[in-house]
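K.L.:
The structure under discussion is supplied below as structure tokens; questions concerning it will follow.
The values are calculated or read from the model by the stated rules, or taken from the named source; none is laboratory data. Values in this document were obtained by computation on a predicted structure and should not be read as measured data. For neighbour counting, all protein chains shown are included, and Cβ atoms are generated from backbone atoms with ideal geometry for every residue, glycine included.
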């Protein structure tokens, strides 16, 4: 009798259960609407899977990340919800719904730690950077540069009084500096931000045996300082540093 | 196969095989055992002594009672006390198909014109449980006396659910493997080449015991479905199945066993418990199926080839939407039949609906189609009815199932409003009642927005950087042009120097025309003026005051004495013609024109 069992297993493995594959063209818009209907029906996990499928096909938009965040929030995955809201912010930073949901999701996080000890100027610059997308900042900088060039040429050709042109130039230069700083903040400061997608303890050393330093509930934001095989050296927004397993966090 | 090739290479150069006389050649056939169990095999060795190279004789015709498989040659050359001998053995495996007493007939071989014949060998084939070799499987011992051939111990059958079917009707097909008293391993899925049929995948095989004619068999059953794609009498099969039989190895001796012992060949086999494996391909009988054409009468227009018994359901949700919002239509077909080729009735794009390509899934006898519809206007009141027609194989008639129409309510599209959730009530706007606001996340977005490839950004785009470079280059060019014009306006020396070659070019062109007219006076006048003006521009001198002396002084300062000499000679010649009206011809004029051109070129090259 034994050999029969063996062969049944062999048959099993050799692909008896290969179901027919439906070759079809992937339509992201239709998928988006289908996912919307799944969400309305309360099938949040399915909706999240559908949105993830669009992402897996290499497409994204602010709305997509926002809806995915909602689906995760409703299916109880707070960390992934916040992660996707953060991603959505990169494409629609001024969206009211997104802002409201992100804030509400954060209130649900146990022990959410926000950044502390920022100077007034830093806060203003950070807010400025948050208000625009990277594309808008880059285009704005290009526009400012063009404006400065125009003012200089106007001064040359039409003999603008140097007092006026100097004042205008100074204002434009200041704006450009702010713009560049905002861009730098956007690219460097947000580069290594990550969200905890499953609650984890940060340890003193990158081993399972290391003693616990502090705990990181799901949904908290951290900065990744260094990565070593399965472990990441992370910094909590209040400055505390520890080691956490990589699988428990995901970069924005 | 392990002992198939056993070769000793002779490095010493000794009498070549060509010198061996034909008289020394001998031929002998031997077997490793004279008694063999059914299903096992015996080894036949044909030994040729005194030759080095004999092709393997084809025995499949000569020995009819056995399956013959050629294993390979084995060659040995030895030199003992200067005695040279060579030997070739061809080894075959013979597998009996029946019980009984058989004879390997005398085999004749032709070697270098000489016909050699071997002795006949008697072989007894016994049933599996031979006293000295207990079988691996203990099944079916008591029934074994009824079985006389291997074909009765392991065989394949092919059955169909119907002998007569309609086009596209699903026919169940069963392939059964019957085994008794044998060890079978590595059973593969049956192979069926159904020509004119569309075949499903094999379902998971079932295994049970069944008694046929008093013998208990182990049965492995494979099921699948076929649906005919042509009409007329069609043939299914034969089904083929590959598997391996296992036997305990029987005693046998090959002519070179002592070599194997030396090389540890038997050790290797003992490790595997002396089990012998034999691959075999089983084949079933053919099967005939008569395929009928579907009746033409009462055939619905929308019939698309579904044959069997089906249930059709349709469902649309939500049924209250705003114009431009999506509705999902879900069609389900369930039942017995050629589900794979059934086409579901999808909604087509029209003035009422924008339609996306449907997504179709099929599993466990259910086919589901999901389609996204977007009503274009608020005037749409229903989704039209959907019909699904099929040929019912029970009542032998066409049936149509209608679903819908589905009433829907479409509201006017509203301007996109955003939820305003006031976090901190502003001063002066305090509500009179202490109100407790419910809190949850805001609903999802209806439309996907601008779906763009991941990682694409404006600031990374080619166009953006083109714009940056273009504006930088434009700025630089404008600056350069501006400064040049500014200098032309303010710096007379610079302006005149820039003007010099252009003016000279014009004067020279005019003078050249005068050569053709053969007007020496005018020509020399023109040339003289051109050169004078040029020198005036070049060295920033008032045109009237130019004198040869002044020019030569300026050129001397620039260490161009040779040029000043040339200029002087031109001036002299011009003056001579102009005032002394010396006669000149065309060649002379051309010569002086050439000279002037050279001087201007040379002066342009002199810096400043």
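K.L.:
Considering only segment B:574-594, I want to know if a residue exists there that is surrounded by 12 or more Cβ atoms within 10 Å (Cβ to Cβ) and closer than 19 Å to residue B:606 by Cβ.
P.N.:
No, because not a single residue in segment B:574-594 is surrounded by 12 or more Cβ atoms within 10 Å (Cβ to Cβ) and closer than 19 Å to residue B:606 by Cβ.
K.L.:
Also, I was wondering about something else. Mind telling me which of the residues B:550, B:604, B:533 ends up being under 30 Å from residue B:488 (Cβ atoms), surrounded by 13 or more Cβ atoms within 10 Å (Cβ to Cβ) and out of contact with any helix residue (DSSP H, G or I) (no Cβ under 8 Å at 6 or more places or on another chain)?
P.N.:
Details: B:604 fails: out of contact with any helix residue (DSSP H, G or I) (no Cβ under 8 Å at 6 or more places or on another chain); B:533 fails: out of contact with any helix residue (DSSP H, G or I) (no Cβ under 8 Å at 6 or more places or on another chain).
From the options B:550, B:604, B:533, the qualifying one is B:550.
K.L.:
Filter segment B:457-481 for residues that are facing chain A (nearest Cβ under 7 Å), in a helix (DSSP H, G or I) and more than 14 Å from residue A:146 (Cβ to Cβ) and give the result.
P.N.:
Correct list: B:458, B:459.
K.L.:
Limited to segment B:336-363, what total is found for residues that are under 20 Å from residue B:168 (Cα atoms), in contact with a strand residue (DSSP E or B) (Cβ under 9 Å, 6 or more places away or on another chain), within 10 Å of another protein chain (Cβ to nearest Cβ) and free of Cβ contacts under 8 Å to residues at least 60 places away in the same chain?
P.N.:
Summing the residues that are under 20 Å from residue B:168 (Cα atoms), in contact with a strand residue (DSSP E or B) (Cβ under 9 Å, 6 or more places away or on another chain), within 10 Å of another protein chain (Cβ to nearest Cβ) and free of Cβ contacts under 8 Å to residues at least 60 places away in the same chain in segment B:336-363 gives 1.
K.L.:
Tell me, please, whether a residue that is under 60 Å from the mean Cα position of the chain (by Cα) and more than 30 Å from residue A:90 (Cα to Cα) can be found in segment B:489-511. First the steps, then the outcome.
P.N.:
The initial filter retains those residues of segment B:489-511 that are under 60 Å from the mean Cα position of the chain (by Cα), namely none.
Within segment B:489-511, none of the residues are under 60 Å from the mean Cα position of the chain (by Cα) and more than 30 Å from residue A:90 (Cα to Cα).
K.L.:
From the list B:532, B:506, exactly one residue is in the same structural domain as residue B:595 (by TED's automatic domain parsing) and at pLDDT 85 or above. Which is it?
P.N.:
Numbers: B:532 fails: at pLDDT 85 or above.
After ruling out the rest, the residue left standing is B:506.
K.L.:
Would a scan of segment B:449-456 turn up a residue that is facing another protein chain (nearest Cβ under 7 Å), in a helix (DSSP H, G or I) and touching a helix residue (DSSP H, G or I) at 6+ places or on another chain (Cβ under 6 Å)? Break it down stepwise before answering.
P.N.:
Keep residues of segment B:449-456 that are facing another protein chain (nearest Cβ under 7 Å), which gives B:449-454.
Checking which are in a helix (DSSP H, G or I) leaves us with none.
For segment B:449-456, residues facing another protein chain (nearest Cβ under 7 Å), in a helix (DSSP H, G or I) and touching a helix residue (DSSP H, G or I) at 6+ places or on another chain (Cβ under 6 Å): absent.
K.L.:
Which residue out of B:216, B:251 is within 14 Å of chain A (Cβ to nearest Cβ) and modelled with pLDDT under 85?
P.N.:
Values: B:251 fails: within 14 Å of chain A (Cβ to nearest Cβ).
The conditions single out B:216.
K.L.:
Here are the criteria: (1) within 12 Å of chain B (Cβ to nearest Cβ); (2) surrounded by fewer than 17 Cβ atoms within 10 Å (Cβ to Cβ); (3) in contact (Cβ under 8 Å) with a residue 40 or more places away in the chain. Tell me which single one residue A:87 does not satisfy.
P.N.:
Against the list (1) within 12 Å of chain B (Cβ to nearest Cβ); (2) surrounded by fewer than 17 Cβ atoms within 10 Å (Cβ to Cβ); (3) in contact (Cβ under 8 Å) with a residue 40 or more places away in the chain, residue A:87 comes up short only on (2).
K.L.:
Would you check if residue A:82 is surrounded by 18 or more Cβ atoms within 10 Å (Cβ to Cβ), part of a helix (DSSP H, G or I) and more than 10 Å from chain B (Cβ to nearest Cβ)?
P.N.:
On the way: surrounded by 18 or more Cβ atoms within 10 Å (Cβ to Cβ): yes; part of a helix (DSSP H, G or I): yes; more than 10 Å from chain B (Cβ to nearest Cβ): yes.
Yes: the conditions hold for residue A:82.
K.L.:
Tell me which of these residue B:160 doesn't satisfy, since it passes every other one: (1) modelled with pLDDT of 80 or more; (2) touching a helix residue (DSSP H, G or I) at 6+ places or on another chain (Cβ under 9 Å); (3) surrounded by fewer than 18 Cβ atoms within 10 Å (Cβ to Cβ); (4) more than 14 Å from chain A (Cβ to nearest Cβ).
P.N.:
All conditions pass for residue B:160, except number (2).
K.L.:
Further question: Can you pull out the helices (runs of 4 or more DSSP H) entirely within segment A:115-218 that have at least 2 residues that are within 14 Å of chain B (Cβ to nearest Cβ) and modelled with pLDDT under 85? Don't jump to the end; show me each part of the working.
P.N.:
Numbers: elements: A:120-131, A:134-158, A:162-184.
Passing ranges, in order: A:134-158.
K.L.:
Given the structure, is residue A:67 within 18 Å of residue B:440 (Cα to Cα), within 8 Å of chain B (Cβ to nearest Cβ) and at pLDDT 90 or above? Outline the logic, then answer.
P.N.:
Details: within 18 Å of residue B:440 (Cα to Cα): yes; within 8 Å of chain B (Cβ to nearest Cβ): yes; at pLDDT 90 or above: yes.
Answer is yes for this residue.
K.L.:
Shifting gears a bit: Mind listing whichever residues of segment A:95-106 are without any contact (Cβ under 8 Å) to a residue 40 or more places away in the chain, surrounded by fewer than 20 Cβ atoms within 10 Å (Cβ to Cβ) and more than 8 Å from every other protein chain (Cβ to nearest Cβ)?
P.N.:
A:99
K.L.:
Within segment B:268-276, identify whether any single residue is modelled with pLDDT of 75 or more and either over 25 Å from residue B:194 (Cα atoms) or not in a loop (DSSP other than H, G, I, E, B) (or both), and answer yes or no. Even if it seems obvious, please write down each step before you answer.
P.N.:
So the first thing to find is which residues in segment B:268-276 are modelled with pLDDT of 75 or more, and the list is none.
Within segment B:268-276 (the criterion being modelled with pLDDT of 75 or more and either over 25 Å from residue B:194 (Cα atoms) or not in a loop (DSSP other than H, G, I, E, B) (or both)), the answer is no, since none of the residues qualifies.
K.L.:
Assess whether residue A:41 counts as being facing another protein chain (nearest Cβ under 10 Å), more than 22 Å from residue A:217 (Cα to Cα) and either within 12 Å of the chain's Cα centre (by Cα) or at pLDDT below 90 (or both). Walk me through it before giving the result.
P.N.:
Working: facing another protein chain (nearest Cβ under 10 Å): yes; more than 22 Å from residue A:217 (Cα to Cα): yes; either within 12 Å of the chain's Cα centre (by Cα) or at pLDDT below 90 (or both): yes.
When the stated conditions are applied, residue A:41 passes them.
K.L.:
Check A:187, A:204, A:157, A:112 and return the single one that is under 30 Å from residue B:478 (Cβ atoms) and surrounded by fewer than 16 Cβ atoms within 10 Å (Cβ to Cβ).
P.N.:
Numbers: A:187 fails: under 30 Å from residue B:478 (Cβ atoms); A:204 fails: under 30 Å from residue B:478 (Cβ atoms); A:112 fails: under 30 Å from residue B:478 (Cβ atoms).
Result: A:157 is the single residue among A:187, A:204, A:157, A:112 that is under 30 Å from residue B:478 (Cβ atoms) and surrounded by fewer than 16 Cβ atoms within 10 Å (Cβ to Cβ).
K.L.:
Something else about it: Considering every residue within segment A:232-243, establish whether at least one is crowded, with 16+ Cβ neighbours inside 10 Å, touching a helix residue (DSSP H, G or I) at 6+ places or on another chain (Cβ under 9 Å) and either closer than 23 Å to residue A:118 by Cβ or free of Cβ contacts under 8 Å to residues at least 60 places away in the same chain (or both).
P.N.:
Looking for residues that are crowded, with 16+ Cβ neighbours inside 10 Å, touching a helix residue (DSSP H, G or I) at 6+ places or on another chain (Cβ under 9 Å) and either closer than 23 Å to residue A:118 by Cβ or free of Cβ contacts under 8 Å to residues at least 60 places away in the same chain (or both), one finds at least one in segment A:232-243, hence yes.
K.L.:
Within the group B:91, B:123, which residue is in contact (Cβ under 8 Å) with a residue 40 or more places away in the chain, more than 13 Å from residue B:36 (Cβ to Cβ), out of contact with any helix residue (DSSP H, G or I) (no Cβ under 6 Å at 6 or more places or on another chain) and assigned to a strand (DSSP E or B)? Talk me through it step by step, then tell me what you get.
P.N.:
Values: B:123 fails: more than 13 Å from residue B:36 (Cβ to Cβ).
Being in contact (Cβ under 8 Å) with a residue 40 or more places away in the chain, more than 13 Å from residue B:36 (Cβ to Cβ), out of contact with any helix residue (DSSP H, G or I) (no Cβ under 6 Å at 6 or more places or on another chain) and assigned to a strand (DSSP E or B) holds for just one of B:91, B:123, which is B:91.
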